[in-house]
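Everything on this sheet refers to the single structure shown next.
The values are calculated or read from the model by the stated rules, or taken from the named source; none is laboratory data. For clarity, every value in this text was computed on a predicted model and none was experimentally measured. All Cβ positions, glycine included, derive from the backbone under ideal geometry; neighbour counts span all protein chains shown.
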Amino acid sequence: MESNRSFLTQLQILTKRLVLRVIRRPLAELPNIFISAFFLFVYDGALGGVFGGSAQGTPFDFANGNFVNFILPVSIVSASVSGGASGIYLVEDIESGVFKRYQSMPISKWAIILAPMLVGALRVLLQAGLIMVIGKIIGADPAVGAVGYFMVLSIAFLWGMGFAGYSVAAGVRSGSSQGAQAASFLFFPALFLAPTFVPREALRGWLATASAYNPTTYVIESMRAIMVDGWVTDVISKGYIAAGSFAAITLTFAVISAGKATEKA
Amino acid sequence: MLAVDVKNIKKTFTSKQDTVEAVKDVSFQVEQGEIFGLLGPNGAGKSTTILMLTTLLSITDGKASILGIDVETQDKQVREKIGVALQDTGIDNLLTGRELFFTTCRLWGYNKTDSEKRTKELLELVGLTEAADRRVKTYSGGMKRRLDLGLSLVHSPEILFLDEPTTGLDPGSRRVLWEEIKRLRDTGVTVILTTQYLEEADELADRIAIIDEGLVVAEGTSDELKASIGGDVITFSFETEEDITKAQQVLTDSVQEKMELRITVEDGASKIPGYLKELTTAGIEVSSVSASKPTLDDVFLEVTGYRLEGSEEPVEETPAPTRGRGR
């Protein structure tokens, strides 16, 4: 028996355990997938008739004739919030004492903390990927070509990791799974103080100002450029920067918070 | 080499509101291959002591070593040597017993083939082979405790820490666990356990430390502790408060316990008639009297001044009532 396993092996074993937990609770995955798919169908059904193909040649033709392409990023951003489950996984382990069991073993504390974040990341990819498949089925077609799906997914992944970091930090600081769930409350103002239904140029007054300071705006605009406009590199790169910065800040915050919360008293 | 050497350890918790001395001064030594019991009520400092020795809490003051390895400065090396089953270490209820053993084996460094083999061995050892593929949430309290014990044995530790291993179990499940703990001791494993059950300490522990309010107040084998009281315990029962108050003036060395007075004397049976005569002369009515050899219960009463209320038979899944000074 090797007395000291590598960090990566420990991380892999702990991640696999959490994946098993996710598989054992399939119903926990449904609400977020349902809401994300619901956004896609309802917004396309309600607004697609006005801003879709029939808007061609009018000032409302911001979707280039395909409203699914325009609204799909909103659903993808919604699906990426599923990364917020990371904090719940970690706090569940702390609350149930599983975390303490692992702490009493000679394994890395960081493997115990990073495993739920990794599972959160997998969850984001799964849910955002599923919404993208639904989008494809109902007519989504990226302006940049098939690579656009992977680009949108990569932005969603970064954005989801941002929520994962936020939920881990909120969870360990509050010490409760309710605290970790608070990540989802951040989502609604973030999504709706942004150019959710129309381009930013069409927003007015305080909402236009708020959306300019909301990083979600740049994430949605970046995905929309990929889906609707094509290779508008400055807009696309702003999305990567916004999502990447959000992830970097919250993950750093999460690691510091989790490290402090699990120090020996 | 000593299995465990604890010298004047202290643990103080400081918050903005107040400072709590959970462990004031605890010292003891445990030889390899013995079962050592820490006996005391809830809040006595037993669990805090165990958390410090298992590297999960820092030691405020004092020194402790496990097989000569310093607990505070070499925590990773200590963890290699010990198995831990604490009251609040959890079990993942969504996984099966087999999955939990396998995952724990892998984390301890076994390869996949060896993990499967060790999982099978441990499932048999703790009698969970038939329930191996059921999710843990379907296990009874006794099965979960056996699983917990099994998980702490994955790496064949030299020293095993068990924090109240039978709290909340029915008498049958308790006895099964006791037999398993004794069997482990017989294979050379040193066991340090905490308990609030006198019977458990008496039955299992080769040596016992009684811990109260963060201090070790007595230590020795069960027989040594009982002998330390000296002689027999005579118990007088009374019907009225008035009688018991008057009797205390006659039996000046007695200890009151509800409507009883207990006195420890040499050759108790022969002294009963003399005491009864004195009480009757003083106009006190004694409803019953008996003499017995001291029990661990008597020792506890003698050294702490109160009775350990958690010593009655526990009920499955419901922790037994105690003095409620939870810490």
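Brief remarks on what is shown
- Test: residue in segment B:90-102 that is free of Cβ contacts under 8 Å to residues at least 40 places away in the same chain, at the interface with another protein chain (Cβ under 9 Å from one of its Cβ atoms) and not in a loop (DSSP other than H, G, I, E, B): yes
- Check on A:Tyr43, of a type outside the set (A, V, I, L, M, F, W, C) and either part of a loop (DSSP other than H, G, I, E, B) or over 25 Å from B:Lys137 (Cβ atoms) (or both): yes
- Counting residues in segment B:40-47 that are surrounded by fewer than 23 Cβ atoms within 10 Å (Cβ to Cβ), more than 10 Å from every other protein chain (Cβ to nearest Cβ), assigned to a loop (DSSP other than H, G, I, E, B) and more than 21 Å from the chain's Cα centre (by Cα) gives zero.
- Test: residue in segment A:191-199 that is farther than 16 Å from A:Val74 by Cα, among the hydroxyl-bearing types (Ser, Thr, Tyr) and surrounded by fewer than 20 Cβ atoms within 10 Å (Cβ to Cβ): no
- Within segment B:100-128, being over 14 Å from A:Gln10 (Cβ atoms) and among the basic types (Lys, Arg) holds for B:Lys112, B:Lys117, B:Arg118, B:Lys120.
- Taken over segment B:76-95, the criterion of being among the polar types (S, T, N, Q) and closer than 11 Å to A:Lys100 by Cα is satisfied by B:Gln87, B:Thr89.
- Within segment B:154-183, the set of residues being closer than 13 Å to B:Ile82 by Cβ and either outside the structural domain of B:Thr48 (by TED's automatic domain parsing) or in contact with a Leu (Cβ under 8 Å, 6 or more places away or on another chain) (or both) comprises B:Val154, B:Glu158, B:Ile159, B:Leu160, B:Phe161, B:Leu162, B:Asp163.
- Taken over segment A:34-46, the criterion of being surrounded by 18 or more Cβ atoms within 10 Å (Cβ to Cβ) and not small (Gly, Ala, Ser) is satisfied by A:Phe39, A:Leu40, A:Tyr43, A:Asp44.
- Subset of segment A:1-59 that is acidic (Asp, Glu) and in contact (Cβ under 8 Å) with a residue 60 or more places away in the chain - its residue that is nearest to A:Arg123 (Cα to Cα): A:Glu29
- From the options A:Ala63, A:Ala85, A:Ala115, A:Ala55, residue that is in contact with a helix residue (DSSP H, G or I) (Cβ under 9 Å, 6 or more places away or on another chain), modelled with pLDDT of 85 or more and more than 9 Å from chain B (Cβ to nearest Cβ): A:Ala115
- Residue match in segment A:129-146 (condition: within 20 Å of A:Phe246 (Cα to Cα) and at pLDDT 85 or above): no
- Pick from segment B:168-181, criterion in contact with a strand residue (DSSP E or B) (Cβ under 8 Å, 6 or more places away or on another chain) and over 22 Å from B:Asp5 (Cα atoms), ranking: surrounded by the most Cβ atoms within 10 Å (Cβ to Cβ): B:Gly168
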